[in-house]
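Bear in mind these aren't lab numbers, they're just calculated from the coordinates by the rules spelled out. For clarity, every value in this text was computed on a predicted model and none was experimentally measured. Note that we place each Cβ from the backbone using ideal geometry, even for glycine, and neighbour counts take in every protein chain shown.
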Amino acid sequence: MVELDCCAAVHVCTIFTVNIILFIVGIVQIGIASYFLVAGTDDLGFVSDVYQGNDSAVNSTLAFGILFVLISFWACCGAIRHSKCMLWVYAVVLFFIIMGQAMTVAALAVSVEYDDSIFADLWRKLDPEIILDIENSYECCSFDGNSTDTWAEDATRYQGCISNQSYNESCWQKFESEVDENYDMVRTVTAVFLGFQIVIYFSTHYVIQSIAEAEGLEEGPESEMTGKPIV
């Protein structure tokens, strides 16, 4: 294993430390996703009820958790062993992860802007029995029936609901701020992770270059002693 200069050694320690953290985060993600897949998503509240059995978000969390565990373990091994091959593989995979997360941040930004339209489309696909169950569970009427932007059926349902119930708040009016806060939190966390990964990506390239230079310095004196280049 080659000896690196002080700056490169710091970058190696940074890569190792960050990936240990990502390894732990991946384990936590796998645990959370596995819990919801086994126990169900009822604890997610209104959002889960509107999505009605769509476990794509939970499955994505599980997939990213497994990916984080594998790639973080690989990166830690590459950093400890000063392996250019392992670090190159890590850098390539990390590049595609960065691209994917950049698109995720952009998609979340759009979702925050048009979240009412997205949830309205999901609401329209729900069966009447499910809508009634949501209204009774959360004490709200229709999706956004008291808004001027809603569709005719939703407005009619709202009028019928408030005439029979003691509450008059629509479900979207009741949960809009909570949904927006969740979107903002996920977008912020994803953006922070994206920033860390970009830093680690460039650190990895710096370490790879430093390893190559250190190997060249070690081969130089040996080549001079033998009188022929080292292959």
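Need the full-extension length gain, S60 to T190, defined as separation in residues times 0.36 nm minus the C-alpha distance. One decimal, nm.
Value of the extension gain: 45.4 nm.
Which of S142, S177, L122 sits closest to the plus end of the dipole of segment 119-196, meaning its Cα is farthest towards the positive end, when Lys and Arg get +1 and Asp and Glu get -1 on the C-beta?
L122
Return the Rg/Rh ratio of segment 103-181 with Cα-based radii and a Kirkwood Rh.
Answer for segment 103-181: 1.01.
Starting from the Cα-Cα distance between E215 and E139, subtract it from 0.36 nm times their residue separation and give me the gain in nm to one decimal.
That pair, E215 and E139, stretches by 20.5 nm at full extension.
Rounded to the nearest 0.05, what FRET efficiency is calculated for D149 and S177 with R0 set to 25 Å and r the Cβ-Cβ distance?
Plugging the Cβ-Cβ distance into 1/(1 + (r/R0)^6) gives 0.90.
FRET efficiency for C13 and H205, Cβ-Cβ distance as r, R0 = 22 Å, nearest 0.05?
Efficiency computed from Cβ-Cβ geometry: 0.85.
Segment 84-130: which trypsin sites (Lys or Arg not before Pro) are DSSP loop and have at most 15 other beta-carbon atoms within 10 angstrom?
Filter output for segment 84-130: K125.
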